[in-house]
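Each remark here refers to the structure printed beneath this line.
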Amino acid sequence: MSRTRIALLAAMALVAGATGTAFAVDPGAAGVAAVPCTVDYKIQNQWSTGFTAAVTITNNSAAKSSWSLKWSYAGNQKVTSGWNAKLSQSGAAVTAANETYNAQLANGGSVSFGFQGSYSGSNAIPATFTLDGVTCNVDDGGPGGPTDPPDPGGPSNRVDNPYSGAKVYVNPEWSANAAAEPGGGRVANQPTGVWLDRIAAINGAGGKMGLRAHLDEALRQKGSGELVVQFVIYNLPGRDCSALASNGELKADEIGRYKTDYIDPIKAILADPKYASLRIVTTVEIDSLPNLVTNTGSRPTAVPQCDVMKANGNYVKGVGYALNKLGDVPNVYNYVDAGHHGWIGWDDNFGPTATIMKEAATAEGATVNDVHGFITNTANYSALKENNFTINDTVAGKSVRESKWVDWNRYLDELSYAQAFRNQLVSAGFNSNIGMLIDTSRNGWGGAARPTGPGATTSVDTYVDGGRYDRRFNAGNWCNQSGAGLGERPQAAPATGIDAYVWMKPPGESDGSSKAIPNDEGKGFDRMCDPTYTGNPRNNNNMSGALPDAPVSGHWFSAQFRQLMQNAYPPLS
C-alpha cells in the first residue's frame, strides 16, 4: 500500500521532529525505491477562511538540477503567498517551482516549502501530486520493484484509502427513521455505520436486517462503482467496563463464546466471495482498550470491572482475535477505536494507550498488518476543530491548558488529537501508512449557542468557555448531550492523515436510557444518561448534560435527532 496523501509522513515526522524540515529518505529502503517521489502536504494551521501549509518533496529518482511540483484542488482553495518556492495558480491547478538556491534535488534528497491560502467550505488535501510530470506517492510498478509486506491472511486487494473514489453505504433502516422526522430528508441519504452489538444482530433481531441483508443491499447500492460498507464490531466480554448503558451480553470470562459465536460467524459471512467487490470497513470494539489505561489501578477514575478486564486479558485477546480473523478477509479494512481527545489527550494516557493497542494488535495471531487504521470520537461529541483559541494561548498570565475546560490536556479538538495520535501509534510500532477516521456524526455544535469568536480575556476560563464550540459541562460527558448538533458530513480524505470523516454512530440512536428500562439486550442503566445526575471523577463531578426521556442505547430517539438537525454545523440547507 502507498498512501497517496501521506506516504511515509509519520515516519518522516518522527525523525524530523519539526514541521517544514527536509526529510532524507533512503531510496533503497523497502517500499520506497518503487515510489519515484513522495510528497508530504501538511496543513499546519487553519481558520474559518484561510490556512497555512507545509510541503516536503522527496526525490527517489535520478538527481535533478531543477524541479516543478503540480497539484489540483478539489475545492476553491487559493494560494495567496509562499516561501521557498515560486508558486502560481491557474484555476484549481497549482505549480510550485524551485528557487535558485534549492534547485538541486539529489537522489534520496528532500526539499521543503510553505504557503498561505484561502478557502471556504471544505479544505481537502489534494489527491495527486506530480513532480516533473511523474506521479508521486504511487508505486511505479517497474520490474523487480519492492512490494508491500505480505499480509499473513493471504492475498489482499486493499486500496490505500477505502473511502477514496467510493460511495458509502446508506443503511435503509436508519434512512427511513431519519426521513420520517420533520426535515429529516435533508440527511436521510447520508451513510452511517451498522452496529453489530450482540450475537443476534448477525442474523437480524427485533425485525432488523442482519449482516447478510446489509451486504446484499450494499451490493445493490454499489452498482458498477466502488462502495464502502461500515460495520461496528462491538460485543467484547465484559464490554465497556466503565459505562453501564453499553454493557453487553457476554460476561467478563466469556472469551470463548465471543470467538466462536460472534467473531467466527461474522468472518464467515464477510469472507463469502459474493461480497468480495465491496470495501468492508470495520470499527473494532469501541470503548474497550483505553479503559484498561484510564480506569484501572489506583487512579481516581478506576472502576472495579475494568480491573477485572485488565487482569483477565480478555479485551486484549478479544481485539486481537477479531483483528486476526477479520484481517484474513482481503477486502476488510480494520480500524481500531482510539477513544477521543477528552479521554486520551493527557500525557499519562497518550503513550500508554498506543502501547496497549500494539499489544492487542499482536495478540491471538494478529499482526499490525491486520490494522488499516484507527478511528476517534466514535459515538462521542468532541468538536472537530476549535478555531477560537489555541493550546499555546496565554490569558491573564495563564496558559489555556490551565483552564478548567482544558484541564492540562494537550489537545483541544479531535483533528489535532487524531493527527498526533497517529504519529504516536506509528512510534509504538504500527505501519507508517495507517489512516485515521473521525466520527463527526454529533460534534457540530452549531445553532444559536455557537460562539463566533474567543471569550473575554478577563481570565483564562472566560476566554476558553466563551469561545469553545463544544458546549458540554465537561469533555467526559458522553450520553445524549444537550445542545449537540450534526457535524461535518461524511467525506473522504479531508485532512492530512485522515482517511475520512464518517458518521459511524447513526445520529438519532440513543446512547442510553435516562432511567432504568428493562430490556433483553444486556444494556444497563447508567446515571451519566440521567439529566439529574451530578457526576463522578470521570467527568470531574459535573452535571451529566444528558437529554431527558431517552430510550435504551441504540433505539431511536426522535427528540435527539431533531436537536442534532437544528444545531448542525455546517448548517443544513
Quick one: is PHE421 part of a helix (DSSP H, G or I) and of a type outside the set (Gly, Ala, Ser)?
yes
Of all residues in region 506-522, which are of a type in the set (D, E, K, R) and crowded, with 24+ Cβ neighbours inside 10 Å?
ASP511
Residue selected from region 261-293 under the condition buried (at least 21 other Cβ atoms within 10 Å of the Cβ) and acidic (Asp, Glu), by the criterion nearest to TRP195 (Cα to Cα):
GLU285
Considering every residue within region 554-566, establish whether at least one is at pLDDT below 95 and open to solvent by less than 60 Å² (accessible area, probe 1.4 Å).
yes
Take the conditions under 17 Å from TYR321 (Cβ atoms) and outside any loop (DSSP other than H, G, I, E, B) and apply them to PRO265. Does it pass?
yes
For PRO330, which of the numbered conditions (1) assigned to a loop (DSSP other than H, G, I, E, B); (2) more than 30 Å from LYS267 (Cα to Cα); (3) open to solvent by 30 Å² or more (accessible area, probe 1.4 Å) fails to hold?
(2)
Exclusive hit being open to solvent by 60 Å² or more (accessible area, probe 1.4 Å) and part of a loop (DSSP other than H, G, I, E, B), set TYR569, TYR533
TYR569
When you scan region 59-76, how many residues do you find that are open to solvent by less than 40 Å² (accessible area, probe 1.4 Å) and either in contact with a Pro (Cβ under 9 Å, 6 or more places away or on another chain) or among the charged types (D, E, K, R) (or both)?
4
Restricting region 328-354 to residues that are among the hydrophobic types (A, V, I, L, M, F, W, C) and over 14 Å from the mean Cα position of the chain (by Cα), which is farthest from HIS372 (Cα to Cα)?
TRP346
Residue check for ALA475: farther than 18 Å from ASP407 by Cα and either in contact with a Cys (Cβ under 8 Å, 6 or more places away or on another chain) or of a type in the set (Gly, Ala, Ser) (or both):
no
Out of the residues in region 294-315 that are aliphatic (A, V, I, L, M) and more than 18 Å from ASN540 (Cα to Cα), which is surrounded by the fewest Cβ atoms within 10 Å (Cβ to Cβ)?
ALA311
Can you name every residue in region 215-252 that is of a type in the set (Lys, Arg) and open to solvent by 10 Å² or more (accessible area, probe 1.4 Å)?
ARG220, LYS222, LYS251
State all residues of region 182-224 that are outside any helix (DSSP H, G or I), of a type outside the set (S, T, N, Q) and touching a residue at least 40 places away in the same chain (Cβ under 8 Å); if no residue qualifies, say none.
PRO182, GLY183, VAL187, PRO191, GLY193, TRP195, LEU196, ASP197, ARG198, ILE199
Counting only residues that are of a type in the set (Val, Ile, Thr), open to solvent by 10 Å² or more (accessible area, probe 1.4 Å) and not in a loop (DSSP other than H, G, I, E, B), region 333-376 contains a total of 3
Members of region 424-443 that are in a loop (DSSP other than H, G, I, E, B) and closer than 13 Å to VAL502 by Cα:
THR440, SER441, ARG442, ASN443
Residue count for region 85-124, restricted to those that are open to solvent by less than 40 Å² (accessible area, probe 1.4 Å), farther than 18 Å from THR49 by Cβ, touching a residue at least 60 places away in the same chain (Cβ under 8 Å) and not in a strand (DSSP E or B):
2
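The values are calculated or read from the model by the stated rules, or taken from the named source; none is laboratory data. It should be emphasised that the depicted structure is a prediction, and the values quoted were computed from it without experimental measurement. Cβ: placed from backbone, ideal geometry, glycine included. Neighbour counts: every protein chain shown. SASA here: full protein model, heavy atoms, side chains in, ligands and nucleic acids out. Shrake-Rupley method; radii C 1.70, N 1.55, O 1.52, S 1.80 Å.
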